[in-house]
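Comments concern the structure below.
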Amino acid sequence: MAFEKARRFGTIMKSKANWVTVYLGLGSNIGSDDDIIKTLIKAMELLNENENIFLTAHSRSIKTAPWGGVEQPDFFNMVAEIRTCLDPLSLLEYTQGIEIKLGRKPNVRWGPRIIDIDILLFGNKTVNLPNLVIPHLYLTEREFMWGPLLELNPLVTMPDGRRLSTCVLK
């Protein structure tokens, strides 16, 4: 039941100024494969419920080994492309609210989770705060992040103007 291919949706119907393209990493490894896919779908539905967010595309889902050395089941990972007029911290707050709504509980760093939503890129912005780093600190190191992102947009650039495809650790 995994997302077998990427999907691009229609154009933005909401007319607001200052919309920016943002890439979000979504992952889960708690539950059956079908339950995990349902969780990823629900997370995208909840993203799109916000009038300041428009889901424009998503990658296929990929099953990957966990990262970080904690013994746990494999993850399903994917990337969603959204357009938003929210600022980075407001988007972080909203995505963390989705995680809580879907049952995420505090856990071991890099441990199993029912849902994880990370801001990978936020237009051409760079953010360096204690609770938010954009581009995502490990974007160029984690194939489960950059692979689906490049599937959606092979020409995507980092805030410094370099193409992501030239920055990744292959």
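The values are calculated or read from the model by the stated rules, or taken from the named source; none is laboratory data. Worth saying up front: this structure is predicted, and the values here are computed from it rather than measured. All Cβ positions, glycine included, derive from the backbone under ideal geometry; neighbour counts span all protein chains shown.
Would you point out the residue of region 145-170, among those that are of a type in the set (A, V, I, L, M) and under 21 Å from Thr64 (Cα atoms), that is farthest from the chain's Cα centre (by Cα)?
Leu169
Among Glu151, Glu99, Glu81, Glu141, which is the only one that is more than 18 Å from Val20 (Cα to Cα) and touching a Leu at 6+ places or on another chain (Cβ under 7 Å)?
Exactly one of Glu151, Glu99, Glu81, Glu141 is more than 18 Å from Val20 (Cα to Cα) and touching a Leu at 6+ places or on another chain (Cβ under 7 Å), namely Glu141.
For the subset of region 130-144 comprising residues that are at pLDDT below 95 and outside any loop (DSSP other than H, G, I, E, B), which member is farthest from the chain's Cα centre (by Cα)?
Ranking the candidates gives Glu143 first.
Given the options Glu71, Glu51, name the one that is within 21 Å of Arg142 (Cα to Cα) and either surrounded by fewer than 14 Cβ atoms within 10 Å (Cβ to Cβ) or within 15 Å of the chain's Cα centre (by Cα) (or both).
Glu71
For region 145-164, which residues satisfy the criterion of being assigned to a helix (DSSP H, G or I) and either in contact (Cβ under 8 Å) with a residue 60 or more places away in the chain or more than 30 Å from Lys38 (Cα to Cα) (or both)?
Met145, Gly147, Pro148, Leu149, Glu151, Leu152, listed by residue number.
Could you grab me the full set of residues in region 53-67 that are assigned to a strand (DSSP E or B) and of a type in the set (A, V, I, L, M, F, W, C)?
Once the filter is applied, which keeps residues that are assigned to a strand (DSSP E or B) and of a type in the set (A, V, I, L, M, F, W, C), region 53-67 yields Ile53, Phe54, Leu55, Ala57, Ile62.
Which residues, counting only those in region 68-87, are closer than 17 Å to Leu24 by Cβ and either assigned to a strand (DSSP E or B) or in contact (Cβ under 8 Å) with a residue 40 or more places away in the chain (or both)?
Answer for region 68-87, where residues must be closer than 17 Å to Leu24 by Cβ and either assigned to a strand (DSSP E or B) or in contact (Cβ under 8 Å) with a residue 40 or more places away in the chain (or both): Phe75, Phe76, Asn77, Met78, Val79, Ala80, Glu81, Ile82, Arg83, Thr84, Cys85.
Could you please find all residues in region 98-118 being in a helix (DSSP H, G or I), loosely packed, with under 13 Cβ neighbours inside 10 Å and of a type outside the set (D, E, K, R)?
Scanning region 98-118 gives a single hit, Ile100.
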